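**Student:** Once you've had a glance at the structure underneath, I'll fire off some questions.
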Amino acid sequence: MSDFTGQTVLVTGATGFLGGAVARRLADEGAHVRALARRPNADSYLQGIPRIEAVMGNLTNAGQMRAAAKGCTTIIHVAAALGSNLAHQQHANVEGTRNVMQAAAAAGVGRVVHVSSIAVYGYGYLTDVSEDTPQQPGNVPYNLTKSQAETVVLEESVRTGVQYSILRPGMIYGPRSNGWTATMFKLGKRKPTPFPGDGSGSAHIIYVDDVVDLALVLAQHPAAVGEAFNCASDPAPTWREFIGGYSRLAGHDRWLALPVLPFKLIAPLVDVYFGLRGEPQALSHLIPFMQARKVYRMEKARRLLGWSPRVSLDEGLERCAVWLRQEGLLR
Ligand SMILES: NC(=O)c1ccc[n+]([C@@H]2O[C@H](COP(=O)([O-])OP(=O)(O)OC[C@H]3O[C@@H](n4cnc5c(N)ncnc54)[C@H](OP(=O)(O)O)[C@@H]3O)[C@@H](O)[C@H]2O)c1
């Protein structure tokens, strides 16, 4: 366990899934947490917790970010726009990150942990990916802007001297995850569970507490400065093991392998449709990507930081079950 006693830490994205978990853990470990929120009362998950204070601010407002960063020792920059068109995501993810880095410089913040994503590598790699694998995000707005945000972190660090560390999580599941827990559970609950193919490709998942753990290590470890780290299961479970785990929570083990060919045929049309809407997607690449057996390698975190993910898939799913029951999704 790390110790943040006496430190003031700004957490952006604190009203979201990962940021909320980061804020709570930091408060547990003695930090005074400034939880960035865009709207009053948006921080209900954090209300009433000692040492967590909500501060109003939008990433896209440089003045608000400067005010939020004043007096902070560390910033954990979790916030991002995960959907919508390129202009919207560029504004929040790229220019917003620039505002965070410049606010950090103005406030004399000791270190910024920037939460990025394995999305920066794009969907093209069908073999193992390590941190020095070149980024090929393509034109999917999320992947592209997360990659551009990393460039901004580097540029601003060179220009201002602010120390940084970059965290690249895989698909984060756990309590309060809409995408990789609530939605995947609803899919797994379907009996049989429909999926394109036999589900033997790798699912690049990571339990939320492991991501929080690594974020806190990156905030303090001397070897983390100026470095980027993957954060995903290595070895990775298959899609069938991951979604099938949710099926087992729902009381069955039946899988319906849909033929992949129709998905492959329709994918380019779907890509054209979204391209015309100004929100490019890469379904044509995503299908082979999801069928590949590969890992986002964790060797660098093991070697430089002595850190590895701790929560096994079985344990993670058990912890999700508690939350799914609380939410009334699992009986
Ligand atoms: N979830 C995953 O599987 C996953 C995987 C890899 C990387 N990541 C990265 O992890 C981070 C957190 O993801 P998440 O799943 O926790 O997402 P989330 O639940 O959607 O939370 C996103 C947070 O960002 C805030 N935000 C968005 N735009 C903002 C802006 N312009 N100004 C201030 N705050 C803004 C949101 O505030 P509001 O509450 O006001 O909307 C929310 O607090 C992101 O950087 C994401 O790229 C996530």
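The values are calculated or read from the model by the stated rules, or taken from the named source; none is laboratory data. What you see is a predicted model; the values in this text were computed from it and never measured. Note that each Cβ is placed from the backbone with ideal geometry, even for glycine, and that neighbours are counted across all protein chains shown. These area figures cover heavy atoms from the full protein model, side chains too; ligands, DNA and RNA do not enter into them. Shrake-Rupley method; radii C 1.70, N 1.55, O 1.52, S 1.80 Å.
**Student:** Of all residues in the stretch 161-214 being within 14 Å of the ligand (Cβ to nearest atom) and over 20 Å from Ile118 (Cβ atoms), which is surrounded by the most Cβ atoms within 10 Å (Cβ to Cβ)?
**Tutor:** So the residue we want is Pro175.
**Student:** Shifting gears a bit: Using the structure shown, decide if Val295 is over 22 Å from the mean Cα position of the chain (by Cα) and under 23 Å from Asp128 (Cβ atoms).
**Tutor:** Values: over 22 Å from the mean Cα position of the chain (by Cα): no; under 23 Å from Asp128 (Cβ atoms): yes.
In short, no.
**Student:** Which ones in the stretch 243-255 are within 29 Å of the chain's Cα centre (by Cα) and either of a type outside the set (Gly, Ala, Ser) or modelled with pLDDT under 95 (or both)?
**Tutor:** Once the filter is applied, which keeps residues that are within 29 Å of the chain's Cα centre (by Cα) and either of a type outside the set (Gly, Ala, Ser) or modelled with pLDDT under 95 (or both), the stretch 243-255 yields Ile243, Tyr246, Arg248, Leu249, Asp253, Trp255.
**Student:** Report every pair of residues separated by at least 6 positions or lying on different chains whose Cβ atoms are under 6 Å apart, first residue within the stretch 102-126 and within 16 Å of Ala62 (Cα to Cα), second among the basic types (Lys, Arg) and open to solvent by 10 Å² or more (accessible area, probe 1.4 Å).
**Tutor:** Final answer for the pair search is Ala103/Arg66; Ala106/Arg66; Ala107/Lys70.
**Student:** What do you reckon, is Tyr273 crowded, with 20+ Cβ neighbours inside 10 Å and over 23 Å from Ser117 (Cα atoms)? Don't jump to the end; show me each part of the working.
**Tutor:** On the way: crowded, with 20+ Cβ neighbours inside 10 Å: no; over 23 Å from Ser117 (Cα atoms): yes.
It is false that Tyr273 is crowded, with 20+ Cβ neighbours inside 10 Å and over 23 Å from Ser117 (Cα atoms).
**Student:** Among all residue pairs at least 6 apart or on different chains, which show Cβ distances below 9 Å where the first residue, located in the stretch 168-187, is on the phi > 0 side of the Ramachandran plot and the second is at pLDDT below 95 and more than 7 Å from the ligand (Cβ to nearest atom)?
**Tutor:** From the stretch 168-187, the pairs are Arg176/Tyr45.
**Student:** Another question about this same structure. In this structure, does Leu59 turn out to be under 22 Å from Leu36 (Cα atoms), part of a loop (DSSP other than H, G, I, E, B), free of Cβ contacts under 8 Å to residues at least 60 places away in the same chain and near the ligand (Cβ under 9 Å from one of its atoms)? Full working, then the answer.
**Tutor:** On the way: under 22 Å from Leu36 (Cα atoms): yes; part of a loop (DSSP other than H, G, I, E, B): yes; free of Cβ contacts under 8 Å to residues at least 60 places away in the same chain: yes; near the ligand (Cβ under 9 Å from one of its atoms): yes.
It is true that Leu59 is under 22 Å from Leu36 (Cα atoms), part of a loop (DSSP other than H, G, I, E, B), free of Cβ contacts under 8 Å to residues at least 60 places away in the same chain and near the ligand (Cβ under 9 Å from one of its atoms).
**Student:** On to the next question. Can you confirm whether the stretch 89-104 contains a residue that is closer than 15 Å to Gln148 by Cβ, within 9 Å of the ligand (Cβ to nearest atom) and open to solvent by 60 Å² or more (accessible area, probe 1.4 Å)?
**Tutor:** There is at least one residue in the stretch 89-104 that is closer than 15 Å to Gln148 by Cβ, within 9 Å of the ligand (Cβ to nearest atom) and open to solvent by 60 Å² or more (accessible area, probe 1.4 Å).
**Student:** Can you tell me which residue within the stretch 25-39, out of those that are within 11 Å of the ligand (Cβ to nearest atom) and open to solvent by 30 Å² or more (accessible area, probe 1.4 Å), is farthest from Gly170 (Cα to Cα)? Lay out the reasoning, then the answer.
**Tutor:** The initial filter retains those residues of the stretch 25-39 that are within 11 Å of the ligand (Cβ to nearest atom), namely 35-39.
Narrowing the set further to residues that are open to solvent by 30 Å² or more (accessible area, probe 1.4 Å) leaves 38-39.
Numbers: Arg38: 26, Arg39: 28 Å.
Here the residue is Arg39.
**Student:** Filtering the stretch 15-24 down to residues that are of a type in the set (A, V, I, L, M, F, W, C) and more than 6 Å from the ligand (Cβ to nearest atom), which residue is nearest to Leu214 (Cα to Cα)? It would help to see each step written out before you state the result.
**Tutor:** Residues of the stretch 15-24 of a type in the set (A, V, I, L, M, F, W, C): 17-18, 21-23.
Narrowing further to those that are more than 6 Å from the ligand (Cβ to nearest atom): 21-23.
Values: Ala21: 12, Val22: 10, Ala23: 14 Å.
Taking the candidates together, the pick is Val22.
**Student:** Kindly indicate whether any position in the stretch 63-75 is under 28 Å from Ala119 (Cβ atoms) and open to solvent by 40 Å² or more (accessible area, probe 1.4 Å). Spell out how you get there, then give the answer.
**Tutor:** Step one: filter the stretch 63-75 for residues under 28 Å from Ala119 (Cβ atoms), giving 64-65, 68-69, 72, 74-75.
Adding the requirement that they be open to solvent by 40 Å² or more (accessible area, probe 1.4 Å) leaves 64.
Yes.
**Student:** Then there's this: Since Glu156 meets every condition but one in (1) assigned to a helix (DSSP H, G or I); (2) farther than 15 Å from Ala80 by Cα; (3) open to solvent by 10 Å² or more (accessible area, probe 1.4 Å), which condition does it not meet?
**Tutor:** It is condition (3) that Glu156 fails.
**Student:** Looking at (1) open to solvent by 30 Å² or more (accessible area, probe 1.4 Å); (2) away from the ligand (no atom under 16 Å from the Cβ), which is the one condition that is false for Gln148?
**Tutor:** (2)
**Student:** Could I ask something else about it? Name the residue that is farthest from the ligand (Cβ to nearest atom), counting only residues in the stretch 40-56 that are touching a residue at least 24 places away in the same chain (Cβ under 8 Å) and touching a helix residue (DSSP H, G or I) at 6+ places or on another chain (Cβ under 9 Å). Talk me through it step by step, then tell me what you get.
**Tutor:** Filtering the stretch 40-56 down to residues touching a residue at least 24 places away in the same chain (Cβ under 8 Å) leaves 42-43, 45-46, 49, 51-52, 54-55.
Filter once more, keeping what is touching a helix residue (DSSP H, G or I) at 6+ places or on another chain (Cβ under 9 Å): 43, 45-46, 49, 51-52, 54-55.
Details: Asp43: 8, Tyr45: 10, Leu46: 11, Ile49: 16, Arg51: 19, Ile52: 14, Ala54: 11, Val55: 11 Å.
Restricting to residues being touching a residue at least 24 places away in the same chain (Cβ under 8 Å) and touching a helix residue (DSSP H, G or I) at 6+ places or on another chain (Cβ under 9 Å), the top hit is Arg51.
Residue-wise test of (1) touching a residue at least 60 places away in the same chain (Cβ under 8 Å); (2) closer than 13 Å to Ile205 by Cβ; (3) open to solvent by 40 Å² or more (accessible area, probe 1.4 Å).
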| site | (1), (2), (3) |
| --- | --- |
| Ala232 | yes, yes, no |
| Ala236 | yes, yes, no |
| Trp239 | no, yes, no |
| Asp253 | no, no, yes |
| Leu258 | yes, no, yes |
| Leu261 | no, no, yes |
| Leu265 | no, no, yes |
| Gln291 | yes, no, yes |
| Gly306 | no, no, yes |
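**Student:** Next question. Which pairs do you get when a residue that is on the phi > 0 side of the Ramachandran plot and in contact (Cβ under 8 Å) with a residue 24 or more places away in the chain, found in the stretch 9-30, comes within reach of a residue that is open to solvent by 20 Å² or more (accessible area, probe 1.4 Å) and of a type outside the set (A, V, I, L, M, F, W, C), reach meaning Cβ atoms under 7 angstrom, with the pair 6+ apart or on two chains?
**Tutor:** Gly30/Asp3; Gly30/Thr5
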